[in-house]
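Encoded as structure tokens, the structure appears first; notes follow it.
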Amino acid sequence: ASYLQHAELARWEWSSFGGSLAQGFKTKSFFIVTASMIRYRREIVPFKRFDVETRLVGLDDRNLWVYQTFHHHVDGENKQEEPDGPTRGKILAQILTQAVMAKPGKGVINPRAWLEDNSMYSSSVLDGIMNEKGENIEPIFDEKAKRFTHLEDILKRSAASYDDKVPK
């Protein structure tokens, strides 16, 4: 449960940093998690520092996907700068979250249009996430999205089967 709580807080911080949290309050639009997939690799040791990286990795007309990684914190003499960004320790967990943007009275709204109008993400940045076919630039996320959708279908069928047996 700790991973999920920290992931939720990191998404709030991410949306605040990008300006979308304040705009969400102004426009009464909300980011609603519809599903999450988590892969645990290592435990978070009590009192051990860790970092959470959060980034938008995909979107379509209905959903957006946020990928989060938990890393051991690296500091002091162990810290070395990497050519492609800040140094991170080993991955502790990975979370792929599917979400929608919703607005009272309108229901689910197009997340891309909302992000273009209400966040730091320009259309060119959002174009960089997707290719001309509307697929994620990083093929691994397309594969994860397919598995995610398959797992979601299985869970929906399982819940429906169970609910059919429950007395009304």
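Numbers for the structure displayed
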item: Nearest-0.05 FRET efficiency for A22 and V45, computed from C-beta distance (R0 41 Å); result: 0.70
item: Estimated inter-spin distance, E13 and D127, nm [label 7 Å along Cα→Cβ]; result: 3.3
item: Rounded to the nearest 10 Å², the accessible area of V100 at probe 1.4 Å; result: 10
item: Cβ-derived FRET efficiency at R0 25 Å, A160 paired with F30, nearest 0.05; result: 0.40
item: Long-range amide H partners of T87 with built H, under 5 Å; result: E82
item: Per-residue ³J(HN,Hα) for the stretch 105-118, Karplus 6.51 cos²θ - 1.76 cosθ + 1.60, θ = phi - 60°, Hz, x for Gly and Pro; result: x, 10, x, 6, 10, 5, x, 5, 4, 5, 4, 4, 7, 10
item: By average C-beta atoms within 10 angstrom, highest first, the peptides 158-165, 106-113, 51-58, 39-46; result: 51-58, 106-113, 39-46, 158-165
item: Per residue accessible area in Å² of the stretch 10-59, where ligands, DNA and RNA are left out and the probe is 1.4 Å; result: 69
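The values are calculated or read from the model by the stated rules, or taken from the named source; none is laboratory data. What you are looking at is a predicted structure, and each value in this text was computed from that prediction instead of being measured. As a convention, Cβ positions derive from the backbone with ideal geometry for all residues, glycine included, and neighbour counts pool all protein chains shown. Surface accessibility is based on the protein's heavy atoms, side chains included, excluding ligands, DNA and RNA. Shrake-Rupley method; radii C 1.70, N 1.55, O 1.52, S 1.80 Å.
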